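Trainee: Dropping a structure here in structure tokens format, bear with me for questions.
The values are calculated or read from the model by the stated rules, or taken from the named source; none is laboratory data. Note that the coordinates shown come from a computational prediction; the quantities given were computed from them, not determined experimentally. Every residue, glycine among them, receives a Cβ derived from its backbone with ideal geometry; neighbour counts consider all protein chains shown. Ligands, DNA and RNA are excluded from the accessible area calculation, which covers all protein heavy atoms including side chains. Shrake-Rupley method; radii C 1.70, N 1.55, O 1.52, S 1.80 Å.
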Amino acid sequence: MADFIWQKGRASVDERIMRFMAGEDVILDRELFVYDLTASRAHAEGLVHIGVLTTDEGQQISNALESLRVAFLNGEFELTDRFEDGHSAIEAYLTDVLGDTGKKIHAGRSRNDQVLVATRLFLRDRLDALHHACWTCADTLLTRAEADPDTPMPGFTHLQHAVVSSTGHWFAGYAEAFIDNAALSADTRAWIDANPLGTAAGFGVNLPLDRTHTTKALGFSRTQINPMYAQNSRGKFELQTLNALGQALLDVRRIAWDLSLFCTPEFDYITLPDEHTTGSSIMPNKRNPDLIELLRASYGVVAGARNELESLLSLPAGYHRDLQFTKAPLLRALRHGLDAMALMPDVISGITFKAEHLRARIEPEMFATDLAVQHAAAGTPFRDAYRSALGAGDALADVTPEDSIAKRVSPGAPGQLQLDHLRQRLNAVRPNL
Ligand code: ARG
């Protein structure tokens with residue numbers, strides 16, 4: 001590791017302790033580095049505005065930061081443990097190429113607001129990606145409902161046969177969930193869209209920093225005003241981002257559960273494409289829904305990360321180095337969760353319902369509820385209609401699943417899916433990327 005930016009004189013540094021404290025931080029910073037560079041540029045411009053840097057110095061720093069970005073992206077500049085963290089790497093690079101001018105970058109900022117702003121920009125990007133992924137899932141599900149709204153299938157409660165449902169009802173139910181999840185991602189993005197840069201170590205600085213400029217330059221919708229709160233929001237905003245991700249993965253888990261049941265020989269409701277299943281290493285007869293199961297398990301990855309984060313946030317006000325450990329679970333959960341989300345549209349498109357088989361599984365008793373309601377509508381007290389419905393024999397045998405669906409017209413029900421309403425809402429939460 002090179003000298004530390006905070007090193008003064010010759011006080012000795014214990015390598016073992018330093019390695020423990022740095023941990024994998026500099027490696028994790030690879031995911032945050034470009035955001036740190038963008039924010040550093042805005043900070044330098046702000047320093048020009050208040051005369052701490054000359055225009056020429058500001059320009060040199062901006063150019064060098066841009067060169068560093070290019071070198072980093074094409075692999076010429078590697079973020080390795082020769083640096084304590086990404087922040088130190090930026091200052092080291094600027095000092096290398098610009099000498100004394102490079103050393104001026106850190107006036108008026110601390111690594112505490114530097115890591116905050118880089119993470120905030122990263123979160124914003126990932127929430128955009130989540131919004132996009134949820135929207136695409138919802139669109140794919142709704143398209144499937146629109147293409148085939150009325151194929152009858154058994155409806156379950158308690159995993160027991162209940163009433164007739166339809167594949168359109170199943171697809172549309174999950175479509176609505178992902179519309180909500182897309183909206184939540186957008187709301188969460190708006191909630192965290194506050195600029196912490198310019199709060200320094202958590203107490204501000206004795207300079208009239210141009211925070212309005214950095215807020216605008218970094219595209220934030222507001223400035224996070226109180227420096228102590230800016231520090232306290234580290235981890236808090238990450239947690240809310242993982243909550244939004246977790247909501248989406250809860251629905252992924254439900255879909256995966258349904259599919260894993262539907263593809264068993266006992267249900268035999270669907271087939272999955274070969275490329276979504278795998279063989280067994282020992283049993284030649286098997287095709288396993290491993291992909292579906294790993295998608296189901298993905299919620300666990302995010303929930304685990306969220307627990308880890310939450311456990312770390314038991315802290316008094318202000319910056320504490322504990323917060324560094326929030327990075328690993330955050331990055332891991334977002335990487336894994338967004339990978340899972342990106343696979344979902346293909347999984348949804350790949351489902352083939354076995355229409356004949358679904359229909360054959362519907363027995364006349366599943367029409368009993370419809371019959372009871374029908375008699376109640378004609379004036380029989382519902383409780384009496386309920387008691388007589390099961391014994392209705394022929395009346396039940398004459399009903400078809402298609403009838404049952406067509407007459408289930410309460411808004412949202414299989415006979416009245418209101419897919420146009422869902423389509424309208426989906427259009428209203430379309431990401432503008
Ligand atoms: N790697 C550190 C973190 O993630 C950067 C901030 C260091 N600040 C400090 N005061 N030691 O928190």
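Trainee: For every helix of n ≥ 4 consecutive DSSP H residues, a contribution of -39,500 (n - 2.57) applies; sum these over the chain, divide by its total residues, and give [θ] at 222 nm rounded to the nearest 500 deg cm²/dmol.
Mentor: On the way: 18 runs with 256 residues, N = 433.
For the chain, the value works out to -19000 deg cm²/dmol.
Trainee: Taking the chain as the reference, fit the longest principal axis to its C-alpha atoms, fit the long axis of helix 327-350 to the helix C-alpha atoms, and give the angle between the two in degrees, 0 to 90, nearest 10.
Mentor: With both axes taken from Cα atoms, the answer is about 30 degrees.
Trainee: Taking only protein heavy atoms and a 1.4 Å probe, what accessible area per residue, in Å², does region 21-162 have with all protein chains in place?
Mentor: 39 Å²
Trainee: So for each of 20-32, 292-304, 392-404 I average, over its residues, the number of other beta carbons within 10 Å; can you give me the resulting order with the highest mean first?
Mentor: 292-304, 20-32, 392-404
Trainee: As I understand it, the dipole of the chain uses +1 on the Cβ of Lys and Arg and -1 on the Cβ of Asp and Glu, about the Cα centre. Which of LEU272, HIS106, ILE255 lies farthest toward its positive end?
Mentor: HIS106
Trainee: So, one more: What shape does region 267-408 have by the C-alpha gyration tensor, where a ≥ b ≥ c are the square roots of the eigenvalues, rounded means a/c under 1.5, and otherwise prolate means a/b greater than b/c and oblate the rest?
Mentor: It comes out oblate by the Cα gyration axes.
Trainee: At 1.4 Å probe radius, can you tell me the per residue accessible area of region 293-426 in Å²?
Mentor: I get 53 Å² per residue for this part.
Trainee: With a 10 Å radius around each residue's Cβ, average the other Cβ atoms per peptide and rank 237-244, 110-117, 156-163, 407-414, highest first. Please list the in-between numbers first.
Mentor: Details: 237-244: 22.0, 110-117: 24.4, 156-163: 11.1, 407-414: 15.5.
Those peptides, ordered most packed to least, come out 110-117, 237-244, 407-414, 156-163.
Trainee: Hey, which lysines would be in cross-link range of LYS236, C-alpha to C-alpha under 21 Å, not counting anything within fewer than 8 residues on its own chain?
Mentor: LYS327
Trainee: If you find the alpha carbon centre of region 260-333 and of region 389-433, how far apart are they in angstrom?
Mentor: Taking the Cα centre of region 389-433 as reference, the centre of region 260-333 is 32 Å away.
Trainee: Right, here's the next one. Per the 1.4 Å probe, what fraction of the accessible area of region 281-346, in percent, lies on carbon and sulfur atoms? Don't skip to the end; give the middle numbers.
Mentor: Details: 1920 of 3450 Å².
With neighbouring chains kept in place, the figure for region 281-346 is 56 percent.
Trainee: Run the accessible area of region 1-132 with a 1.4 Å probe and give the carbon-and-sulfur part as a rounded percent.
Mentor: Ligands and nucleic acids excluded, carbon and sulfur reach 50 percent.
Trainee: Would you work out the relative contact order for region 310-433, in percent, from Cα pairs under 8 angstrom that are 6 or more residues apart?
Mentor: Numbers: 50 pairs, mean separation 16.6, N = 124.
Once divided by the residue count of region 310-433, the mean separation gives 13 percent.
Trainee: A follow-up question, please. When a/c is below 1.5 the answer is rounded, else prolate if a/b is larger than b/c, else oblate, so apply that to region 355-433 with a ≥ b ≥ c taken from the square roots of the Cα gyration tensor eigenvalues.
Mentor: Oblate, because a/c is 1.5 or more while a/b does not exceed b/c.
Trainee: Test of understanding: in a Gaussian network model of the chain with alpha carbons linked when under 10 Å, which of ILE362, ILE17, ILE50 would top the mean-square fluctuation ranking?
Mentor: ILE17
Trainee: Relative contact order of region 54-209, please, whole-number percent, based on alpha carbon pairs below 8 angstrom and at least 6 residues apart. Each step should come with its number before you reach the end.
Mentor: Values: 161 pairs, mean separation 41.1, N = 156.
The normalised contact order for region 54-209 reaches 26 percent.
Trainee: Which FRET efficiency value, to the nearest 0.05, is calculated for MET21 and GLU365 with the Förster distance at 56 angstrom and r the Cβ-Cβ distance?
Mentor: For R0 = 56 Å, the calculated efficiency reads 0.25.
Trainee: I would also like to ask the following. Please give the Cα centre distance for region 14-50 versus region 142-183, rounded to the nearest Å.
Mentor: So the separation of the two Cα centres works out to 47 Å.
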